[in-house]
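Below is one structure, written out as structure tokens; the observations come after it.
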Amino acid sequence: MKKTFEKLKVLQEILLKEFGVEAELEEIPRELNELKRRFAKAERSISEMETARKDNDKKLKELEKEKGELLRGKEKYEGQIALIKTQREYEAITSEIAQIDEKLGIIDEGELGAVQEIEKVDKEIDEKKQLYEDLKKDIAEKEKEVKQLSSKKQKELDKHLKEKDKTSSGLDEEIMYKFEKIVKKKDGVGIVSIRNGVCMGCNMLLPPQFVNDVRREESIIFCPNCSRILYYHDLDTAAEEVVL
């Protein structure tokens, strides 16, 4: 059993390296994914602004059409003034002309607003398109970087996995499965000693009979509190770190 415990200690160090590299592999594409998120957002913004640009173009054309119709109507009324014979007819025509002028004033304001909005949107589209192109370039460069770094880290991970397979040879698969989960969940420490009846992983005072069972080394025993694998302190080395 002592050999098993020593093997688990070595395996623990390998697992720490494995988990560390896995974490790095997960972190590598984070910046790239953020660039892609910003790229997609810029793409949506451009599409939305181009739609707004088309809407304002349509509005401007409709205003121009309405303005043309009003100007033709005004011209018609103004042409009738010379034919007027009564004051009543004159007042009626000049009233119609005044209403048309009022509508033309509203249209002029609408046209000015639409033109200003188009200029504003065009400027924003140009800015977004520049951002779009910059992000596109950054993404291409970052993808190359991610590919190279991921390849390097994957080779490193494969090395640790081979070491793990070699070291874990002969260990019970179920014990191995539990041990990996414990190391990952318990801050990288899956096997600890018992000293003076206390688990060095969680500082829990263990029953004397339980301690004796661990000391006999007849089987793998887990701490009932922190779930770490336990061994008696005689196996400790000077370099062992106590978990608080």
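The values are calculated or read from the model by the stated rules, or taken from the named source; none is laboratory data. Computed from a predicted model, the values in this text were never measured in an experiment. Neighbour counts are summed over all protein chains in view; Cβ atoms, including those assigned to glycine, are modelled from backbone coordinates with ideal geometry.
Out of all the residues in the range 135-161, which are acidic (Asp, Glu), more than 19 Å from the chain's Cα centre (by Cα) and surrounded by 13 or more Cβ atoms within 10 Å (Cβ to Cβ)?
156
Quick test for you: out of 141, 156, pick the one residue that is in contact (Cβ under 8 Å) with a residue 12 or more places away in the chain, assigned by TED's automatic domain parsing to the domain that holds residue 37, among the acidic types (Asp, Glu) and on the phi < 0 side of the Ramachandran plot. First the steps, then the outcome.
Values: 141 fails: in contact (Cβ under 8 Å) with a residue 12 or more places away in the chain.
Result: 156 is the single residue among 141, 156 that is in contact (Cβ under 8 Å) with a residue 12 or more places away in the chain, assigned by TED's automatic domain parsing to the domain that holds residue 37, among the acidic types (Asp, Glu) and on the phi < 0 side of the Ramachandran plot.
For the range 181-214, which residues satisfy the criterion of being at negative phi, assigned to a loop (DSSP other than H, G, I, E, B) and of a type outside the set (Lys, Arg)? It would help to see each step written out before you state the result.
First pass over the range 181-214, keeping only residues at negative phi: 181-186, 189-195, 198-202, 204-214.
From the residues that got through so far, the ones that are assigned to a loop (DSSP other than H, G, I, E, B) too are 186, 189-190, 200-202, 204, 206-207.
The answer is 189, 190, 200, 201, 202, 204, 206, 207.
State all residues of the range 199-233 that are over 18 Å from residue 5 (Cβ atoms) and surrounded by 15 or more Cβ atoms within 10 Å (Cβ to Cβ); if no residue qualifies, say none. Step through it out loud before you land on a result.
The initial filter retains those residues of the range 199-233 that are over 18 Å from residue 5 (Cβ atoms), namely 202-205, 207-209, 224-225.
Once the filter is applied, which keeps residues that are over 18 Å from residue 5 (Cβ atoms) and surrounded by 15 or more Cβ atoms within 10 Å (Cβ to Cβ), the range 199-233 yields only 202.
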